[in-house]
Amino acid sequence: MEDRKQALVSRLLQYALIHEVLGIPYNEIVIKRTFEGKPYLECSKVGVEFPNFNFNVSHHGDYVAIASEPLCLVGVDVVCCTEPEKEPVPEFIENFSSYFSSLEWDNIINTGTSDEILVDFYRYWCLKEAFVKAVGSGLAYGVDKVEFHHTNWTNISVKVDGEPLTEWRFWLFKLPERHWVAVARGHPRFATENYKRTICKAEFDAEEYHKGLNLPNVAFVTRIIEQLIPVSHGEERPTMQDICSDCLHLSSREA
């Protein structure tokens, strides 16, 4: 799926999610972006059930993914484990070695066959992307300082500058056709200053926060594009120009 089509589907997903979760009419949905490019809902109608409603989108290969949270920060990243066309796998991943800790890099290059190396590379990559997208910074965060630990890709945890972040949770899902998607859920205090201005609460008592942190992780639901097109039920619908007003400005990787 080419970038412009992915950007359009991304925009449709954002509108559909906000409409379904919050019940806001399509024509009243206003989506903006922080300086770093993270999308957010500009709205005062979120309510006490969703004090920090936020969402994140990602697209790569054949999939566009979206995830949202009512209280915690959320980041999502989808990757397609495509074979490099112009160079062997070891040479391809070497271009990105500076983004990984020494432990992660050793795990990647010693995992087995070239295909297994490529898959592990993408697994680590999408976890890192999900984390930095959750905090709202993108790769400017310094992902080499973000080190992931796991047990056969379950019980995933993270350290930043060697310090464990116990207030974060991570999930990794396998999708068809060699796609993987990672979801990060974490404390709002880690958000960039620009992104903190878009949420209502950055501090919680431990009990309140852990209720949000330990919410069940709902499985992804597959939608086709036709299911994302707004259907009028007596309300004014946004035009495709409204929905896609900034689609052409989206990069091939959503913030």
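Coordinate-derived values only; no laboratory data. Note that the structure is a prediction, hence the values are computed from the model and not measured. All Cβ positions, glycine included, derive from the backbone under ideal geometry; neighbour counts span all protein chains shown.
General observations
- In the chain, Cα pairs under 8 Å separated by at least six residues give a relative contact order of 25 percent.
- Partners of K128 within straight-line reach, counting lysines whose Cα lies under 30 Å from its Cα and excluding those fewer than 8 residues away in the same chain: K5, K32, K38, K86, K145, K159, K174, K196, K201, K211.
- For the stretch 3-249, Kirkwood radius (reciprocal of mean inverse C-alpha pair distance, Å): 19.0
- Local net charge near L118, Cβ-Cβ under 11 Å (Lys/Arg +1, Asp/Glu -1): -2
- Using the rule -39500 (n - 2.57) for each DSSP H run of four or more residues, divided by the residues of the chain, the 222 nm mean residue ellipticity is -8500 deg cm²/dmol.
- Each label point was placed 7 Å from the Cα along the Cα-to-Cβ direction; for K145 and D3 their separation is 2.9 nm.
- Placing a label point 7 Å from the Cα of F35 along the Cα-to-Cβ direction, the residues of the stretch 129-152 whose backbone N falls under 16 Å of that point are 136-141.
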